[in-house]
Amino acid sequence: MGNPERYPFVSSDTALGEASFRPYLPFTLVYKQGSQAASGLLDTGASVNVLPYLIGVELGYDWERQTTALNLTGNLAQYEARVVLAQAVVGQFEPVQLVFAWTQATNVPLILGQVNFFMEFDVCFYRSQLQFEISPKLSTQDK
């Protein structure tokens, strides 16, 4: 396991001052031969990872070929979603496979939620410092 990496919170609206800062993680998504730089909102309250429609298209997913449907809740309940898998490269860590609910919504951020981002990474938030720290989960050999 590598050393934890720290990232700054990112301001989403300067008019809100410090209240606008959010934990967005920069990383790269890889699917087949393509890759896409991304920034995902770390959301401990989200049940699943959510991939916005346009990012999925840019990665090369074909909506009609994704046959496993998923029902989202909350603000995204009105949109169809399909299950897709992608490799995620975070910092200097080894790539991990993430499961996403690829939604037809276009006005939603890429969300990193409990299944399965927080199952693959340990995250510590330092909100007062506007930073967060991330490290891969410990493997059974490391425990």
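How far, in nm, would the chain grow between residue 47 and residue 77 when pulled straight, counting 0.36 nm per residue and subtracting the alpha carbon separation?
9.5 nm
Determine, for each peptide in 57-70, 121-134, 93-106, the mean count of other beta carbons within 10 angstrom over its residues, then list the peptides with the highest first.
Sorting 57-70, 121-134, 93-106 by mean packing, highest first, produces 93-106, 121-134, 57-70.
Would you mind working out the magnitude of the charge dipole of segment 4-142 relative to its Cα centre, with +1 at each Lys and Arg C-beta and -1 at each Asp and Glu C-beta, to the nearest 20 Debye?
My answer is approximately 100 debye.
Just order 83-91, 25-33 by mean Cβ neighbour count inside 10 Å, highest at the front, would you?
The most tightly packed comes first, giving 83-91, 25-33.
Compute the relative contact order of segment 1-81 as a whole-number percentage, counting only Cα pairs closer than 8 Å that sit 6 or more residues apart in sequence.
Here the relative contact order equals 17 percent.
Over the chain, what is the mean sequence separation of C-alpha contacts under 8 Å (at least six apart), divided by residue count, expressed as relative contact order in percent?
Taking the mean separation of contacting Cα pairs over the length of the chain, I get 30 percent.
Given points 7 Å out from each Cα along the Cα-Cβ axis, report the residue 12 to residue 129 separation in nanometres with one decimal.
Taking the simple label geometry, residue 12 and residue 129 are separated by 2.4 nm.
Decide, for segment 14-97, between rounded, prolate and oblate: order the square roots of the alpha carbon gyration tensor eigenvalues as a ≥ b ≥ c, take rounded if a/c falls under 1.5, and otherwise choose prolate if a/b is larger than b/c, else oblate. Please report the intermediate quantities before stating the final value.
Values: a/c = 2.00, a/b = 1.20, b/c = 1.67.
Here segment 14-97 falls in the oblate category.
How charged is the neighbourhood of residue 134? Take every other residue with its Cβ under 11 Å from the Cβ of residue 134, and add Lys/Arg as +1 and Asp/Glu as -1.
The answer is -2.
Every number in this text was worked out from the coordinates using simple rules, so none of it is lab data. Treat the numbers as computed from the prediction; the structure is a model and nothing was measured. Glycine gets a Cβ as well: all are built from the backbone with ideal geometry, and neighbour counts include every protein chain shown.
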